[in-house]
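The values are calculated or read from the model by the stated rules, or taken from the named source; none is laboratory data. Just so it is clear, the model here is predicted, and its values are computed rather than measured. We place every Cβ from the backbone using ideal geometry, glycine too, and count neighbours over all the protein chains shown. Areas reflect the complete protein model, heavy atoms only, side chains present, ligands, DNA and RNA absent. Shrake-Rupley method; radii C 1.70, N 1.55, O 1.52, S 1.80 Å.
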Amino acid sequence: MQGEPGGRQSLLAWLEARINLTEIASFLSVFGLLPTELDSRKPLREALRDAFHQPLPSYAQWPRVLGIVSFILFLFLAATGTLLSFYYQPTADVAYASVTTISRDVQFGFLIRQTHGWAATLFLLVLAARVIRFFLGGLYARGREIIWMAAVLAFVVGTFLDLTGRLLPWNDKGYWTTVRAREVIDGLPVIGSMVAFLVGGTGLDSLALTRFYVLHIAVFPALILGLFYLHFSSVRRVGMSRLAAPPLRAGRSIRLAMYDMVLILIVLVGVLLTLAIVWPQPYAPAADPLRTLPDAHPPWYLLAPHAVLESLPSFVPRFLRGLLLVTLLGGVLFLPFLDRSAGGDRRNRLFFILGVLVMVTWVLLTFRGYWMEVSR
């Protein structure tokens with residue numbers, strides 16, 4: 001890099017002489033925020049100039065946008081969660097009071113908490129939509145096994161991330177929703193024992209709340225981040241889809257990609273603010289472990305397992321009911337190794353029909369689980 005007239009260097013040139021800025025910028029491509037890899041051996045301006053001449057497909061086209069939307073929502077959750085953690089205190093004695101302080105006394109605290117909650121809901125819905133999209137498009141076979149498994153595991157870990165967050169306000173709705181959720185999870189072999197080990201048993205006390213907090217802000221986000229890395233790393237290796245996408249016009253690729261990211265971010269923030277203002281989460285009193293909330297039910301993503309555990313004939317042991325669900329999850333996770341067809345027009349129709357039947361049955365079981373709770 002040449003210095004400016006008078007012997008002075010630009011700030012960029014000064015930093016380039018001391019830091020590999022290109023290597024730092026290329027980190028954005030690891031998680032899909034930059035849809036190309038930069039040559040870290042070159043200065044940043046030169047590497048970007050070379051990238052401008054590479055025609056690239058857009059992440060902002062449906063349905064490819066689901067991947068980047070999920071990661072942007074994850075970043076939004078991390079940012080708002082960090083702001084909330086400045087005031088939140090993870091002990092049963094003061095957790096509810098600290099959340100009340102955030103909502104009532106902290107500037108923009110109410111809005112941050114509401115948008116955080118809605119972002120968590122949208123995050124799970126987008127993760128579920130990615131899994132459905134990959135299945136219907138046959139994008140799980142022939143080299144894309146990692147993409148499929150990362151998507152399935154991201155949804156599973158995302159549900160645990162959401163569940164651990166529900167207990168943190170220590171209000172009656174969050175407390176008893178978690179109690180009902182633990183009834184379902186504890187009925188699953190291996191998974192139930194693992195959760196009990198992580199949170200220190202089956203009870204919900206101050207120690208369990210602290211463990212939920214650590215899992216929510218550290219362990220599960222780290223797992224999600226690792227799964228996103230695996231996803232985008234595999235996408236860079238095998239492509240975003242089975243079919244080639246029309247590239248953007250050369251010379252504007254990176255610029256348009258950045259415009260896409262900004263536009264997606266603006267739309268998501270606008271949607272979250274609208275939901276937070278129009279449909280805010282209602283106020284709930286403090287948790288009382290001695291007073292059961294009559295309308296408490298498991299979260300929506302556990303209603304189908306709840307229906308399976310409670311609807312099968314009584315002569316079927318509860319262990320076998322849980323084993324059935326765990327086996328189904330294993331079958332979904334390892335689907336690419338069960339269905340070795342090429343995908344697309346040549347995919348195995350049997351697996352496609354079975355998959356559609358499983359999805360339809362899961363939706364019906366979700367409604368079944370909901371009506372079981374409503375009619376109690």
Pairs with Cβ under 6 Å, 6+ apart, first in the range 192-210 and open to solvent by 40 Å² or more (accessible area, probe 1.4 Å), second of a type in the set (A, V, I, L, M, F, W, C): GLY200/LEU207; GLY200/ALA208; THR202/ALA196; SER206/ALA92
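Okay, residues lined up against (1) among the hydrophobic types (A, V, I, L, M, F, W, C); (2) modelled with pLDDT of 95 or more; (3) more than 21 Å from PRO280 (Cβ to Cβ):
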site	(1), (2), (3)
ASP50	no, no, yes
PRO55	no, no, yes
VAL65	yes, no, yes
ARG104	no, no, no
THR115	no, yes, no
VAL126	yes, yes, yes
ALA129	yes, yes, yes
PHE135	yes, no, yes
Complete set of residues in the range 80-93 that are open to solvent by 50 Å² or more (accessible area, probe 1.4 Å) and either part of a helix (DSSP H, G or I) or among the β-branched types (Val, Ile, Thr) (or both): THR82, LEU83, THR91
Some residue of the range 317-334 being part of a loop (DSSP other than H, G, I, E, B) and over 19 Å from GLY137 (Cβ atoms): yes
Residue in the range 211-219 that is over 30 Å from LEU33 (Cβ atoms) and either out of contact with any Ser or Thr (no Cβ under 7 Å at 6 or more places or on another chain) or open to solvent by 40 Å² or more (accessible area, probe 1.4 Å) (or both) present: yes
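Step by step: first the residues of the range 220-239, then only those that are over 13 Å from the mean Cα position of the chain (by Cα) and of a type outside the set (Phe, Trp, Tyr), then the one that is farthest from LEU33 (Cα to Cα). Which residue is that?
First, the residues of the range 220-239 that are over 13 Å from the mean Cα position of the chain (by Cα): 230, 232-239.
Next, from what is left, pick out any that are of a type outside the set (Phe, Trp, Tyr): 230, 233-239.
Numbers: LEU230: 14, SER233: 12, SER234: 15, VAL235: 13, ARG236: 12, ARG237: 16, VAL238: 18, GLY239: 15 Å.
The qualifying residue farthest from LEU33 (Cα to Cα) is VAL238.
Out of the range 282-304, which residues are surrounded by 14 or more Cβ atoms within 10 Å (Cβ to Cβ) and either more than 20 Å from the chain's Cα centre (by Cα) or in a loop (DSSP other than H, G, I, E, B) (or both)?
Residues of the range 282-304 that are surrounded by 14 or more Cβ atoms within 10 Å (Cβ to Cβ), as a first pass: 284, 286-287, 293, 296-304.
Residues satisfying the conditions are ALA284, ALA286, ALA287, LEU293, ALA296, HIS297, PRO298, PRO299.
Out of the residues in the range 354-376 that are of a type outside the set (A, V, I, L, M, F, W, C) and in a helix (DSSP H, G or I), which is surrounded by the fewest Cβ atoms within 10 Å (Cβ to Cβ)? If you could, list the steps in order and put the result at the bottom.
Let us first name the residues in the range 354-376 that are of a type outside the set (A, V, I, L, M, F, W, C), namely 355, 361, 366, 368-370, 373, 375-376.
Still in the running and in a helix (DSSP H, G or I): 355, 361, 366, 368-370, 373.
Numbers: GLY355: 17, THR361: 13, THR366: 18, ARG368: 17, GLY369: 24, TYR370: 17, GLU373: 16.
Within the range 354-376, the match that is surrounded by the fewest Cβ atoms within 10 Å (Cβ to Cβ) is THR361.
Just to be sure, is LEU77 at pLDDT 80 or above, open to solvent by less than 40 Å² (accessible area, probe 1.4 Å) and more than 23 Å from ILE266 (Cα to Cα)? Explain how you work it out, then say what you get.
On the way: at pLDDT 80 or above: yes; open to solvent by less than 40 Å² (accessible area, probe 1.4 Å): yes; more than 23 Å from ILE266 (Cα to Cα): no.
When the stated conditions are applied, LEU77 does not pass them.
Conditions tested, residue by residue: (1) touching a Ser or Thr at 6+ places or on another chain (Cβ under 9 Å); (2) in a helix (DSSP H, G or I); (3) not β-branched (Val, Ile, Thr).
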position: PHE160; (1), (2), (3): no, yes, yes
position: THR164; (1), (2), (3): yes, yes, no
position: TRP176; (1), (2), (3): yes, yes, yes
position: ALA181; (1), (2), (3): no, yes, yes
position: GLY187; (1), (2), (3): no, no, yes
position: PHE197; (1), (2), (3): no, yes, yes
position: GLY201; (1), (2), (3): no, no, yes
position: LEU204; (1), (2), (3): yes, no, yes
